[in-house]
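Here's the structure, in structure tokens; my notes come after.
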Amino acid sequence: MANYTTIDAVKNSAPDTFEDVAEATIQQYISDAHIKVTHDGFSTTDTDILEMAERYLTIHKYIVGTSSTLVSAEKVGPIQVTYFKAGSQDWLKWLQLTTWGADYYRLWSLYGDNGMPRISLAVLPQ
């Protein structure tokens with residue numbers, strides 16, 4: 001199945017982030033995000049929603065994957081800062097590392113298979 005998003009859509013959404021990134025690299029991140037979006041069970045056929053989810057996750061994965069600040073702790077004198085350590089926390093905390101990940105989670109919570117039952121409302125004639 002073809003990807004939902006494109007290299008241009010990713011670049012246009014975060015131009016500063018992808019300014020000097022090779023298109024082949026962006027395409028690989030898109031392909032990786034596509035697999036995740038496909039397996040997260042989005043219950044919509046709305047390609048706009050699926051495109052947004054794939055684009056948001058692509059950008060999130062790139063930012064987190066290339067960040068040099070994802071260390072467990074850093075201490076200078078009496079000041080210590082603890083950062084998220086990749087692979088040591090749960091999926092939700094990982095998504096909350098960027099606004100793009102948080103936006104993906106928002107879409108997933110609305111349209112994905114998050115283990116919550118879907119409620120359909122119907123108006124019945126009296």
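No value in this document is a laboratory result; all are computed from the given coordinates. Just so it is clear, the structure is predicted and the values come from calculations on it, not from any experiment. Quick reminder, even Gly has a Cβ in these numbers, built from the backbone with ideal geometry, and neighbours come from all protein chains shown.
FRET efficiency for the ALA102 to LYS75 pair, using the beta carbon distance and R₀ = 30 Å, is estimated at 0.60. Residues TYR111, TYR104, ranked from the fewest to the most other C-beta atoms within 10 Å, line up as TYR111, TYR104. Sorting LYS36, LYS75, LYS61 from the fewest to the most surrounding beta carbons within 10 angstrom yields LYS75, LYS36, LYS61. Here ILE79, ILE7, ILE35 are placed in order of increasing Cβ neighbour count within 10 Å, fewest first, which gives ILE79, ILE35, ILE7. Approximating the spin labels as points 7 Å out from Cα along Cα→Cβ, the ASP8-to-GLN28 distance works out to 2.5 nm.
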